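The values are calculated or read from the model by the stated rules, or taken from the named source; none is laboratory data. The model shown is predicted, which means the values in this text are computed figures rather than measured ones. Cβ sites come from the backbone with ideal geometry, for glycine too, and all protein chains shown count toward neighbours.
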Amino acid sequence: MYEKLTKIRQYLHSIPELSGKESATAEYLRAFLQSCNPDNLITELGGTGIAAVYNGPITGSRILLRCDMDALPVNEESNLPYSSAISGVSHKCGHDGHMAIMAGVANWLSENRPTSGSVVLLFQPAEETGKGAIRVLKDPQFQEILPDFVFALHNLPGFPIGSIILRTGIFASASRGMIIDLSGSSSHASEPHLGRSPAIATARIIQIFNDVPAFDGSMNRSAKITVTHVRIGKPAFGTSPGKGRLMATLRADNVEAMKTLSQWSENNAREIADSCDLDVQITRTEEFPVTENSVKAVDSVRTAAEHLGLEIYQPDNPFPWSEDFGHFTMSYPGALFGIGAGIHSPALHSPEYDFPDELITTGVDIFKRIIECYNIK
Ligand SMILES: [Zn+2]
Ligand SMILES: [Zn+2]
């Protein structure tokens with residue numbers, strides 16, 4: 001089965017699709033899952049999502065295991081035999097591996113039905129843009145699979161291969177995209193004083209965002225703003241620009257700090273725009289809540305990892321990145337946990353990254369044990 005799952009992973013790797021557009025991935029998975037005889041197969045869930053349901057003969061807890069389906073707008077720089085066939089798009093977050101793991105769990109469940117309750121294997125679209133989880137949760141079909149507990153894993157470079165990374169409480173930070181549109185008026189480049197250019201305001205906003213203060217109790221070292229994109233005017237020399245756009249990601253590892261940070265950054269952007277006589281429009285986008293793990297769910301992942309003799313890491317602080325699985329843990333007790341992708345693995349989202357196939361078996365095994373922890377097999 002390991003060889004088959006590796007082939008599945010590598011095939012999925014070769015057909016990467018961007019967030020919300022995972023139709024070929026979904027079609028391939030649908031056909032595979034059909035061959036694993038689920039009791040119910042829900043398709044077009046929150047877009048291209050799929051849920052395979054395995055029922056036991058008597059009632060009990062319903063456990064939902066979730067993996068993500070989307071790839072990234074990153075060009076693959078590798079000579080892998082299964083390299084991305086789509087220019088400018090590739091699986092650089094390992095979601096191809098997460099799907100292969102879930103395919104392995106489906107294969108196991110096809111011959112090992114739960115003895116009570118049910119297991120839902122959810123393939124979720126559009127994780128990277130923070131839109132997929134909400135769409136799945138709001139899809140009327142989700143009412144058929146309302147879970148008692150939810151679990152998901154993410155591979156994590158920087159930790160020993162196959163180790164398990166656990167944290168009770170907040171596991172991954174909240175983040176939010178902010179778009180600041182500045183409008184003044186353009187003028188001839190020889191007469192900048194006759195126009196209202198957003199250049200100085202943009203520079204001041206970048207500077208102040210770089211120097212986020214520590215504030216008081218509600219803010220902590222986790223709060224940060226990363227400027228991700230800036231544009232003013234056109235790439236030419238004759239005109240002093242009249243419009244500008246600045247995009248930034250806000251990040252914090254608790255709800256209060258995110259609130260304070262959002263307010264602080266919006267107030268500062270407005271004040272600076274005002275002082276430069278510019279109109280400003282601020283848009284929030286791609287909002288990820290914190291992912292908060294429940295004690296009971298983390299305990300069952302720990303028990304599963306111990307049973308398998310896997311090395312366990314328990315970081316003191318939440319991770320600075322975000323996961324839209326936080327939308328699930330807001331509504332249902334559950335846990336997001338990490339599976340080490342190797343100390344020297346290239347970072348997630350980098351062009352050199354590739355999911356290590358040796359993690360597939362560990363991933364399948366830990367999900368099997370988690371299912372068993374809930375005594376439904
Ligand atoms: Zn990612
Ligand atoms: Zn990811």
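Looking at (1) under 30 Å from Gly195 (Cα atoms); (2) in contact with a helix residue (DSSP H, G or I) (Cβ under 6 Å, 6 or more places away or on another chain), which is the one condition that is false for Thr283?
For Thr283, the exception is condition (2).
Considering only residues that are surrounded by fewer than 14 Cβ atoms within 10 Å (Cβ to Cβ) and among the small types (Gly, Ala, Ser), which ones fall in the range 301-320?
Residue satisfying the conditions is Gly309 alone.
Can you confirm whether Arg231 is of a type in the set (Lys, Arg) and surrounded by 19 or more Cβ atoms within 10 Å (Cβ to Cβ)?
Criteria not met by Arg231.
Just for the range 105-127: of the residues that are over 13 Å from Leu65 (Cβ atoms) and of a type in the set (S, T, N, Q), which one is nearest to ligand 1 (Cβ to nearest atom)?
Within the range 105-127, the match that is nearest to ligand 1 (Cβ to nearest atom) is Asn107.
Across the range 96-151, what is the total count of residues that are more than 16 Å from ligand 2 (Cβ to nearest atom), part of a helix (DSSP H, G or I) and over 17 Å from Gly46 (Cβ atoms)?
The qualifying residues number 9.
I want to confirm something. Restricting to the range 128-146 and keeping residues that are among the polar types (S, T, N, Q) and more than 15 Å from the chain's Cα centre (by Cα), which single residue is nearest to Asp68 (Cα to Cα)?
Here the answer is Gln141.
So, Arg245, is that one charged (D, E, K, R), in contact with a helix residue (DSSP H, G or I) (Cβ under 8 Å, 6 or more places away or on another chain) and not in a loop (DSSP other than H, G, I, E, B) or not?
no
So, in the range 328-344, how many residues would count as being under 21 Å from Arg9 (Cβ atoms) and either within 14 Å of ligand 1 (Cβ to nearest atom) or of a type in the set (Phe, Trp, Tyr) (or both)?
The qualifying residues number 4.
Hey, among Cys93, Cys36, which residue is touching a residue at least 24 places away in the same chain (Cβ under 8 Å) and in contact with a His (Cβ under 7 Å, 6 or more places away or on another chain)?
The match here is Cys93.
For the range 321-361, which positions are away from ligand 2 (no atom under 16 Å from the Cβ), surrounded by fewer than 21 Cβ atoms within 10 Å (Cβ to Cβ) and within 22 Å of Val298 (Cβ to Cβ)?
Met330, Ser331, Tyr332, Pro333
Within the range 243-263, is even one residue of a type in the set (Ser, Thr, Tyr), surrounded by 16 or more Cβ atoms within 10 Å (Cβ to Cβ) and in contact with a Pro (Cβ under 7 Å, 6 or more places away or on another chain)?
No; the residues of the range 243-263 include none that is of a type in the set (Ser, Thr, Tyr), surrounded by 16 or more Cβ atoms within 10 Å (Cβ to Cβ) and in contact with a Pro (Cβ under 7 Å, 6 or more places away or on another chain).
Any idea which of (1) exposed (fewer than 14 other Cβ atoms within 10 Å of the Cβ); (2) within 30 Å of Arg62 (Cα to Cα); (3) of a type outside the set (Lys, Arg) is the one Thr283 doesn't satisfy?
(2)
Kindly indicate whether Arg204 is in contact with a helix residue (DSSP H, G or I) (Cβ under 8 Å, 6 or more places away or on another chain), surrounded by fewer than 19 Cβ atoms within 10 Å (Cβ to Cβ) and modelled with pLDDT of 95 or more. Steps first, answer last, please.
Values: in contact with a helix residue (DSSP H, G or I) (Cβ under 8 Å, 6 or more places away or on another chain): yes; surrounded by fewer than 19 Cβ atoms within 10 Å (Cβ to Cβ): yes; modelled with pLDDT of 95 or more: yes.
So Arg204 fits the description; yes.
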